[in-house]
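Student: My structure is below; once you've seen it, I'll send some questions.
The values are calculated or read from the model by the stated rules, or taken from the named source; none is laboratory data. Predicted model, so just to flag it, every value in this text is computed and none were measured. Cβ: placed from backbone, ideal geometry, glycine included. Neighbour counts: every protein chain shown. In case anyone asks, the SASA skips ligands and DNA or RNA and just uses the protein heavy atoms, side chains included. Shrake-Rupley method; radii C 1.70, N 1.55, O 1.52, S 1.80 Å.
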Amino acid sequence: MSWWWRARRAHVLLPLGLASLALLALVLRDNTAGLPSFSVSGSSETRIMLFAPIPLVALLALCLDSRLPAAEDTGVRPVRRMDTALVGLVMAASVVVCLLLGWWLDADAVRAAGRNTVFFVSLLLLLRPFAGQAAILAPLTWLMTVVLLGFRRPNDPYPWTVVPEPSGAAHAALATVALLLAAVAVHHRGPRRGI
């Protein structure tokens, strides 16, 4: 197990990713910025906290891509299960960090960042068996699509956008759970390229 942990560089990358999420939550909170939008005339006031999960998701992808393919494909150790447990631990830790900081800062965008992190990680994992390392672009592409096309009016996102919804939005939570279940199903039945 120690070779797997060192090969993944999880001891360095994942604490750094969680620390970046916590630091961005402390700095950004519920702050907004006027970003260009095609669906709203002019610009839309978007919560900057939407971008906070991206460094953690990128570091998790880097961690999962740090493989020893020959040793992992021919070995008898349950590498896929260990990777799955690692991803689950990171998602759970990000949700806990965001809920605690959101409660402490009284910032709904910070509380929603935990759900958004799970959504982005699920999107990454869903596409990773097919797109490989290029799947890291999926969360950022989703986010940019939301910013450019996801608002009916300022501060009124379409339901399909998921990530700008408030932390208590039931349909956003259901969409996140559905995407996570789809990612798990693809992981267990999809092509073998790591998790």
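Student: For H187, all conditions in the list (1) surrounded by fewer than 19 Cβ atoms within 10 Å (Cβ to Cβ); (2) in contact (Cβ under 8 Å) with a residue 60 or more places away in the chain; (3) farther than 13 Å from L50 by Cβ hold save one; what is the number of the exception?
Tutor: That leaves (1) as the condition not met.
Student: As an exercise: evaluate W104 against (1) touching a residue at least 24 places away in the same chain (Cβ under 8 Å); (2) over 14 Å from the mean Cα position of the chain (by Cα) and give the number of the one condition it does not meet.
Tutor: (1) is the only condition that W104 fails.
Student: If you don't mind, there's one more thing I want to ask. Assuming R152 fulfils every condition listed in (1) basic (K, R); (2) within 14 Å of the chain's Cα centre (by Cα); (3) over 19 Å from A182 (Cα atoms) apart from one, which condition is it?
Tutor: Result: R152 passes all but (2).
Student: Pairs only if they're at least six apart or on different chains, beta carbon under 8 angstrom, first in segment 69-93 and over 16 Å from R9 (Cβ atoms) and modelled with pLDDT under 85, second open to solvent by less than 50 Å² (accessible area, probe 1.4 Å) and among the β-branched types (V, I, T); list them, first residue then second.
Tutor: Pairs that qualify, where the first residue is over 16 Å from R9 (Cβ atoms) and modelled with pLDDT under 85 and the partner is open to solvent by less than 50 Å² (accessible area, probe 1.4 Å) and among the β-branched types (V, I, T), are R80/I195.
Student: Continuing with the same structure: Scanning for something β-branched (V, I, T) and closer than 22 Å to S20 by Cα, does segment 96-109 turn up at least one residue?
Tutor: Pass one, segment 96-109, residues β-branched (V, I, T): 96-97.
Then keep just the ones that are closer than 22 Å to S20 by Cα; that gives 96-97.
Checked segment 96-109: at least one residue is β-branched (V, I, T) and closer than 22 Å to S20 by Cα.
Condition check ((1) modelled with pLDDT of 95 or more; (2) touching a Cys at 6+ places or on another chain (Cβ under 7 Å); (3) closer than 20 Å to T46 by Cβ) across all residues:
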site	(1), (2), (3)
L99	yes, no, no
G114	yes, yes, yes
V121	yes, no, no
P129	no, no, no
G150	no, no, yes
D156	no, no, yes
A173	yes, no, no
H187	no, no, no
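Student: Among the residues of segment 128-142, is any in contact with a Ser or Thr (Cβ under 8 Å, 6 or more places away or on another chain), in contact (Cβ under 8 Å) with a residue 12 or more places away in the chain and among the small types (G, A, S)? Explain how you work it out, then say what you get.
Tutor: The first filter runs over segment 128-142 and keeps only residues in contact with a Ser or Thr (Cβ under 8 Å, 6 or more places away or on another chain), leaving none.
Taking every residue of segment 128-142 in turn, none turns out to be in contact with a Ser or Thr (Cβ under 8 Å, 6 or more places away or on another chain), in contact (Cβ under 8 Å) with a residue 12 or more places away in the chain and among the small types (G, A, S).
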